[in-house]
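Heads up, the thing below is written out as structure tokens.
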Amino acid sequence: MRGRDRFHKFKAVLAIAIRILRLFPKPALKYAWTLTDFLPDILGVALRYCLLKCLIPGCGDNVFIGRSVEIKYWERLYIGSNVSIHKQCYLDACGEIQIDDDVSIAHQSSLISFQHSWEDEAQPIRDNPVVCARIHVQSDVWIGCGCRILAGASIGSRSIIAAGAVVTKPVPGQTIAAGVPAKIIKSIRKEGPYERSVGS
């Protein structure tokens, strides 16, 4: 059974659990998030989904969160439907992170929506002001394992970010980006009859 089919089968039960969890203060829910790593797989995934629905302002259906996913600034994180974020990912939504529908983020990837500035030479870089910028991952995107998506980056629909890539700038839709820093290496857009005739 696919994950989305299992989700719809138990959606009513999850809705009841979410209503119950919303009775608890958010600090308690965030603590419970860390404890879900010790639960069996299916139960842990279900509870992480319910907690996510309580802790972030926008969360769609059928969201899979793996073990040991760390989230900072929950109140600035928005996730669509049919999204998977696999184990040991790190999301810092200081500058806001929006993840649209049908996105898969492989293990040990990071989305970091802030960076340190360095203009004040009288202060160490770590003590310079932090600059925040929004990250937007549009629909139908696959982010490979060990990627870094940095502040201000956006990824267009139906794109692939190759494993280990560091994305610092906008990536257009229907492309594959790879490398450090990430660059477009291939278009995956299918040409229609009109486009082929124009190019010939």
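The values are calculated or read from the model by the stated rules, or taken from the named source; none is laboratory data. All figures in this text were calculated on a predicted structure; none of them were measured in a lab. As a convention, Cβ positions derive from the backbone with ideal geometry for all residues, glycine included, and neighbour counts pool all protein chains shown. All accessible areas refer to the heavy atoms of the entire protein, side chains included, with ligands and DNA or RNA removed. Shrake-Rupley method; radii C 1.70, N 1.55, O 1.52, S 1.80 Å.
For this structure, a couple of remarks:
- Count - residues of the range 108-155 that are surrounded by 14 or more Cβ atoms within 10 Å (Cβ to Cβ), at pLDDT below 95 and outside any strand (DSSP E or B): 1
- Residues of the range 161-177 satisfying the condition of being open to solvent by less than 60 Å² (accessible area, probe 1.4 Å), of a type in the set (A, V, I, L, M, F, W, C) and farther than 22 Å from A133 by Cα: A162, I176
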